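Participant: A single structure is presented below for examination.
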Amino acid sequence: DTAVSQTPKYLVTQMGNDKSIKCEQNLGHDTMYWYKQDSKKFLKIMFSYNNKELIINETVPNRFSPKSPDKAHLNLHINSLELGDSAVYFCASRDEGDEQYFGPGTRLTVT
Amino acid sequence: EDQVTQSPEALRLQEGESSSLNCSYTVSGLRGLFWYRQDPGKGPEFLFTLYSAGEEKEKERLKATLTKKESFLHITAPKPEDSATYLCAVFEAGGGNKLTFGTGTQLKVEL
């Protein structure tokens with residue numbers, strides 16, 4: 001069974017479009033995250049939710065809106081996509097021991 | 001602000017040639033230091049958590065150590081399958097439950 005899953009794996013879209021990435025974890029964890037990994041492999045946190053409540057928002061443009069319908073799901077909606085949004089986006093969940101488990105990533109390409 | 005610096009950026013080893021990766025950090029209060037392995041096209045995979053200076057953890061050919069300013073990931077007699085990017089991250093006390101990552105060391109082990 002996949003612990004943290006993301007869909008889609010690849011997303012190619014044009015500037016100005018709106019897109020969503022979905023994340024689901026079956027580990028029973030309360031805390032979930034979105035990270036962005038740029039072309040230099042630098043991984044930076046964007047958002048964190050704990051049991052459907054937003055607890056971290058790392059100065060991300062408000063074109064990015066996370067939504068957590070329940071504690072097993074954390075989706076990321078992006079409005080008015082820009083070239084600079086091209087990156088790999090990772091979802092993660094955290095257990096009580098502080099260890100984070102990452103999904104396989106979604107490679108977003110904005111043309 | 002937390003800073004995490006990893007060196008070297010890239011490392012090429014011959015199979016069996018032991019070496020160490022460095023992670024230097026600056027945080028106001030370290031709650032934990034994490035090592036992750038990332039293979040191309042995949043999400044980071046958890047390796048170790050270290051919580052206090054002097055702590056060591058081992059897994060197969062890998063050994064992680066921690067001081068008050070840095071952590072080392074020692075690789076003993078590496079094999080080609082150890083080739084990956086190794087990421088270090090710090091978890092700051094009172095830091096809102098977020099990991100701050102370094103830029104990683106890309107390791108290639110050749111036959």
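The values are calculated or read from the model by the stated rules, or taken from the named source; none is laboratory data. From a predicted model like this one, the values you see are computed outputs, not experimental measurements. Quick reminder, even Gly has a Cβ in these numbers, built from the backbone with ideal geometry, and neighbours come from all protein chains shown. Heavy atoms of the whole protein, side chains included, go into the accessibility calculation; ligands, DNA and RNA do not. Shrake-Rupley method; radii C 1.70, N 1.55, O 1.52, S 1.80 Å.
Participant: Exactly one condition in (1) of a type in the set (Val, Ile, Thr); (2) open to solvent by 50 Å² or more (accessible area, probe 1.4 Å); (3) not in a strand (DSSP E or B) is not met by A:Thr109; state its number.
Facilitator: (3)
Participant: Applying the selection to the range A:17-37, what residues are assigned to a loop (DSSP other than H, G, I, E, B) and open to solvent by 50 Å² or more (accessible area, probe 1.4 Å)?
Facilitator: Listed by number, the residues that qualify are A:Asn17, A:Asp18, A:Asn26, A:Leu27, A:Gly28, A:Asp30.
Participant: A further question on this structure: Tell me, please, whether a residue that is open to solvent by 30 Å² or more (accessible area, probe 1.4 Å), over 17 Å from A:Gln100 (Cβ atoms) and within 14 Å of chain A (Cβ to nearest Cβ) can be found in the range B:71-91.
Facilitator: No, the range B:71-91 contains no residue that is open to solvent by 30 Å² or more (accessible area, probe 1.4 Å), over 17 Å from A:Gln100 (Cβ atoms) and within 14 Å of chain A (Cβ to nearest Cβ).
Participant: Can I ask one more? Just the residues that are over 19 Å from A:Tyr49 (Cβ atoms) and within 14 Å of another protein chain (Cβ to nearest Cβ), please, taken from the range A:78-102.
Facilitator: Within the range A:78-102, A:Ala87, A:Val88 meet the criteria.
Participant: Go through the range A:59-105 and give me each residue that's of a type in the set (A, V, I, L, M) and over 16 Å from A:Ser5 (Cα atoms).
Facilitator: Within the range A:59-105, A:Val60, A:Ile78, A:Leu81, A:Leu83, A:Ala87 qualify.
Participant: Moving to a separate point now. What about B:Asp2, is it at pLDDT below 95 and acidic (Asp, Glu)?
Facilitator: Yes, satisfied.
Participant: Only one residue in B:Glu56, B:Glu60 is surrounded by fewer than 19 Cβ atoms within 10 Å (Cβ to Cβ) and out of contact with any Ser or Thr (no Cβ under 6 Å at 6 or more places or on another chain). Which one?
Facilitator: Sole residue among the options that is surrounded by fewer than 19 Cβ atoms within 10 Å (Cβ to Cβ) and out of contact with any Ser or Thr (no Cβ under 6 Å at 6 or more places or on another chain): B:Glu60.
Participant: Can you give me the number of residues within the range B:92-111 that are open to solvent by 10 Å² or more (accessible area, probe 1.4 Å) and under 28 Å from A:Asp38 (Cα atoms)?
Facilitator: Residues that pass the stated criteria total 12.
Participant: Could you tell me which residue of the range B:10-37 is farthest from B:Glu92 (Cα to Cα), considering only residues that are among the polar types (S, T, N, Q) and in a strand (DSSP E or B)?
Facilitator: Among them, the one singled out is B:Gln14.
Participant: If you don't mind, there's one more thing I want to ask. Tell me the residue from A:Arg94, A:Arg63 that is among the charged types (D, E, K, R) and either surrounded by 19 or more Cβ atoms within 10 Å (Cβ to Cβ) or within 16 Å of B:Gly41 (Cβ to Cβ) (or both), please.
Facilitator: Criteria check complete, one pass: A:Arg94.
Participant: Name the pairs whose Cβ atoms lie under 6 Å apart, with the first residue in the range B:61-74 and assigned to a loop (DSSP other than H, G, I, E, B), the second of a type in the set (Ser, Thr, Tyr) and open to solvent by 60 Å² or more (accessible area, probe 1.4 Å), and 6 or more positions between them or separate chains?
Facilitator: Note: pairs meeting the criteria are B:Arg61/B:Thr76.
Participant: Still on this model: (1) surrounded by 14 or more Cβ atoms within 10 Å (Cβ to Cβ); (2) under 23 Å from A:Gly97 (Cβ atoms); (3) modelled with pLDDT of 95 or more: which one isn't true of B:Ser24, the others all being true?
Facilitator: Result: B:Ser24 passes all but (2).
Participant: Can you find even one residue in the range A:38-48 that is more than 26 Å from B:Leu50 (Cβ to Cβ) and open to solvent by 10 Å² or more (accessible area, probe 1.4 Å)?
Facilitator: Yes; the residues of the range A:38-48 include at least one that is more than 26 Å from B:Leu50 (Cβ to Cβ) and open to solvent by 10 Å² or more (accessible area, probe 1.4 Å).
Participant: What is the residue count in the range B:38-47 for residues that are assigned to a strand (DSSP E or B) and either at the interface with chain A (Cβ under 8 Å from one of its Cβ atoms) or under 8 Å from the mean Cα position of the chain (by Cα) (or both)?
Facilitator: 3
Participant: Moving on to the next point. Hey, can you tell me all the residues within the range A:31-69 that are more than 11 Å from chain B (Cβ to nearest Cβ) and β-branched (Val, Ile, Thr)?
Facilitator: A:Thr59, A:Val60
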